[in-house]
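Asks: Let me give you the structure first, and then I'll get to my questions.
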Amino acid sequence: MAKPKPRIRAPKKASKGEVIEIKTLISHPMESGQRKDRKTGEIIPRKIINAFTCTYNGQEVFKADFHPAISANPYMSFFVKVKESGEFEFTWVDDDGTTYSKKSKLTVN
Amino acid sequence: MTSQTKAEQTGAAGWTRRRFIITLGAASAAAAGLTALPGGAAWSAEDAKTVEEEIKRLMGGKELADGAKIISMDLPQIAENGNTVPLEVSVESPMTEADHVTTVHIVADGNPRPGVASFHFSPLSGRAQASTRMRLAKTQNVIAIAEMSDGKAYMTKAEVKVTIGGCGG
């Protein structure tokens with residue numbers, strides 16, 4: 001499996017107190033644990049991104065728990081109210097414990 | 001170290017799993033029987049099998065008020081492909097420190113496992129709105145439960161008709 005690649009679409013500038021939308025996507029098969037291998041009939045073990053977190057300047061802003069019913073390449077969009085300039089950090093947690101993260105800077109004026 | 005018996009390690013070598021060819025299971029999964037996958041996978045004890053169990057696990061039997069007025073779910077009425085069904089959920093709330101939405105749970109009553117996702121908001125969210133894409137195995141109700149900072153909880157649901165189920169076969 002190719003290494004999951006996180007992608008972020010977030011504004012670089014915002015005005016103070018503005019509510020901005022952030023869109024995220026990570027490439028991941030999100031194996032549900034319900035599918036069977038066509039050849040062997042064995043159930044393909046579950047492997048999904050089970051959690052997503054967004055922090056701003058170290059403070060948690062938004063968090064999501066995912067179950068196998070989330071589609072492959074999980075897309076997630078949400079809103080953040082920004083008061084000062086800073087940096088977003090996005091983290092995805094895989095079932096095997098691996099974390100994938102990406103950062104995005106924002107200037108507030 | 002040497003005195004310890006390493007019982008766990010011997011288990012790893014014993015990988016001789018009997019290969020059952022579940023003719024019935026494979027055939028029904030390949031056809032249309034996505035509704036009742038035999039047995040189900042035993043990967044997560046905390047994931048309940050019915051909606052009632054899942055809601056109880058999430059909410060612990062808390063009373064759920066009708067949330068049709070404050071929760072809005074943007075879902076297609078008919079989803080052609082159950083593998084990626086877009087979902088947008090938003091809850092009316094001022095999103096202040098004193099009064100905000102803490103969590104929104106999404107549950108689907110016709111999937112092999114009803115849990116879909118839980119979104120945790122904070123006053124910094126500004127707006128209690130989130131979108132994602134989910135899998136739906138068949139035509140079913142999608143349920144949204146909103147938990148508020150004052151301890152109240154609301155529930156609403158919407159039906160989605162699914163043309164081609166999406167949980168792999």
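Taken together, the values in this text are just the output of simple stated rules run on the coordinates, not laboratory data. All figures in this text were calculated on a predicted structure; none of them were measured in a lab. Here the Cβ is made from the backbone with ideal geometry for all residues, glycine too, and neighbour counts use every protein chain on show.
Asks: Ordered by packing density, taken as the mean number of other Cβ atoms within 10 Å over each peptide's residues, highest first, how do A:12-18, B:127-133, B:73-79, A:64-70 rank?
Replies: Packing order, densest peptide first, comes out as A:64-70, B:127-133, B:73-79, A:12-18.
Asks: Right, next: For chain A, what class follows from the C-alpha gyration tensor (a ≥ b ≥ c being the square roots of its eigenvalues): rounded when a/c is under 1.5, otherwise prolate if a/b is larger than b/c, else oblate?
Replies: Because a/c hits 1.5 or more and a/b exceeds b/c, chain A counts as prolate.
Asks: Quick check: the distance between the Cα centres of segment B:141-163 and segment A:6-74, to the nearest angstrom?
Replies: Cα centroid of segment B:141-163 versus Cα centroid of segment A:6-74: 20 Å apart.
Asks: Now a separate question. Modelling each spin label as a point 7 Å along the Cα-to-Cβ direction, I'd like the A:GLU42/B:ALA65 distance in nm, to one decimal.
Replies: Rounded to a tenth, the inter-label distance reads 5.2 nm.
Asks: When Cβ neighbours within 10 Å are restricted to other protein chains, what is their mean count per residue of peptide B:80-89?
Replies: Partner-chain Cβ atoms within 10 Å, mean over residues of B:80-89: 2.
Asks: Please report, in debye to the nearest 20, how large the charge dipole of chain A is about its Cα centre when each Lys and Arg carries +1 at its beta carbon and each Asp and Glu carries -1 there.
Replies: Dipole size: approximately 460 debye.
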